[in-house]
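These notes are about the structure you will find just below.
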Amino acid sequence: MKTLLIVDPQQDFMPGGSLEVPKGDEIIPIIHRIMKKYDTCVVTQDWHPKNHVSFASNHAQKKPFDIIDLKGLQQILWPDHCVQGTKGADFHPALNMKPISAIIRKGTDPHIDSYSGFYDNGHLKKTGLAGYLRDISCKEVHICGLAADVCVYYTILDALKEGFSVSLLQDAVRALDSDTFEKMKKDLIEMGVKII
Ligand code: VGL
Ligand code: ZN
């Protein structure tokens, strides 16, 4: 069983969104072209309460992209994004939801961020994604989505840790910072990720 995992294809990460990823919308038609090749398609959704700790607006005298220490974890402070129930948290309006069998929400705990679709950043709580994939006998995941250098990257690391065979769909990701992502890609190849 092979699963297409689409990370955070949400309005706030698209051009014009509050945490826009350059050319993020370009991945949508590419995803549509490849969806039919998979047994299952799963999507993750960044889904923060308004008082989320990752928002700069919730810290006095801080601005977006400042870095703070949060109980020993480095936390980048972001502009408010993907607030539960807002338009920015919705999926790109063109995304074909019909082939998608599960939506995994993450970042719902106000006190901790969750870049990966599998765990929060402290690896304290699971989202249920690994269990779902195992229940449907999925051994192989192909990962795409936004942002390549944040949530896609951390989702890939956890997919490896959970024992899945992992491929990165390099044409179907866009990064906040593409130089950073090129370096990350080299590490991923060394860890056994296939770039396809
Ligand atoms: C993301 C920053 C904060 C992402 C989510 O989906 O890459 N980045 N929250
Ligand atoms: Zn977020």
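The values are calculated or read from the model by the stated rules, or taken from the named source; none is laboratory data. Note that the coordinates shown come from a computational prediction; the quantities given were computed from them, not determined experimentally. So basically every Cβ, Gly included, is an ideal-geometry build from the backbone, and we count neighbours across all protein chains shown. Surface accessibility is based on the protein's heavy atoms, side chains included, excluding ligands, DNA and RNA. Shrake-Rupley method; radii C 1.70, N 1.55, O 1.52, S 1.80 Å.
Points worth noting:
- The number of residues in segment 49-85 that are in contact (Cβ under 8 Å) with a residue 40 or more places away in the chain and closer than 21 Å to Gly24 by Cβ comes to 7.
- When Lys125, Lys63 are checked against the criterion of being surrounded by 12 or more Cβ atoms within 10 Å (Cβ to Cβ) and away from ligand 1 (no atom under 14 Å from the Cβ), a single residue qualifies: Lys125.
- Flag for Tyr132 being modelled with pLDDT of 95 or more and open to solvent by less than 60 Å² (accessible area, probe 1.4 Å): no
- Selection count, segment 71-98, where residues are open to solvent by less than 50 Å² (accessible area, probe 1.4 Å) and away from ligand 2 (no atom under 14 Å from the Cβ): 3
- So Leu157, is it at pLDDT 95 or above, of a type outside the set (D, E, K, R) and within 16 Å of ligand 2 (Cβ to nearest atom): no
- Val53 meets the stated requirement of being open to solvent by less than 50 Å² (accessible area, probe 1.4 Å), touching a Leu at 6+ places or on another chain (Cβ under 8 Å) and more than 22 Å from Ile100 (Cβ to Cβ).
- Those residues of segment 167-193 which are aliphatic (A, V, I, L, M) and touching an Asp or Glu at 6+ places or on another chain (Cβ under 8 Å), in sequence order: Ala175, Leu176, Met184
To keep it simple, each residue is scored yes or no on (1) over 20 Å from Leu77 (Cβ atoms); (2) within 16 Å of ligand 2 (Cβ to nearest atom); (3) touching an Asp or Glu at 6+ places or on another chain (Cβ under 6 Å); (4) of a type in the set (S, T, N, Q).
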residue: Leu19; (1), (2), (3), (4): no, yes, yes, no
residue: Asp25; (1), (2), (3), (4): yes, no, no, no
residue: Pro29; (1), (2), (3), (4): yes, no, no, no
residue: Thr40; (1), (2), (3), (4): yes, no, no, yes
residue: Gln45; (1), (2), (3), (4): yes, yes, no, yes
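- Scanning segment 1-33 for residues that are open to solvent by less than 30 Å² (accessible area, probe 1.4 Å), more than 15 Å from Ala94 (Cα to Cα) and in contact with a strand residue (DSSP E or B) (Cβ under 7 Å, 6 or more places away or on another chain) gives Thr3, Leu4, Leu5, Val7, Leu19.
- Top-ranked residue in segment 105-116 [being open to solvent by 40 Å² or more (accessible area, probe 1.4 Å) and not acidic (Asp, Glu); ranked as farthest from ligand 2 (Cβ to nearest atom)]: His111
- Test: Tyr119 is among the hydroxyl-bearing types (Ser, Thr, Tyr) and surrounded by fewer than 20 Cβ atoms within 10 Å (Cβ to Cβ): no
- Residues in segment 137-196 that are out of contact with any strand residue (DSSP E or B) (no Cβ under 9 Å at 6 or more places or on another chain), loosely packed, with under 13 Cβ neighbours inside 10 Å and in a loop (DSSP other than H, G, I, E, B): Ser137, Gly163.
Results for (1) of a type in the set (A, V, I, L, M); (2) within 20 Å of Leu160 (Cβ to Cβ), shown as yes or no for each residue.
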| residue | (1), (2) |
| --- | --- |
| Lys37 | no, no |
| Ser54 | no, no |
| Phe65 | no, no |
| Gly85 | no, no |
| Arg105 | no, no |
| Ser114 | no, yes |
| Ala130 | yes, yes |
| Leu133 | yes, yes |
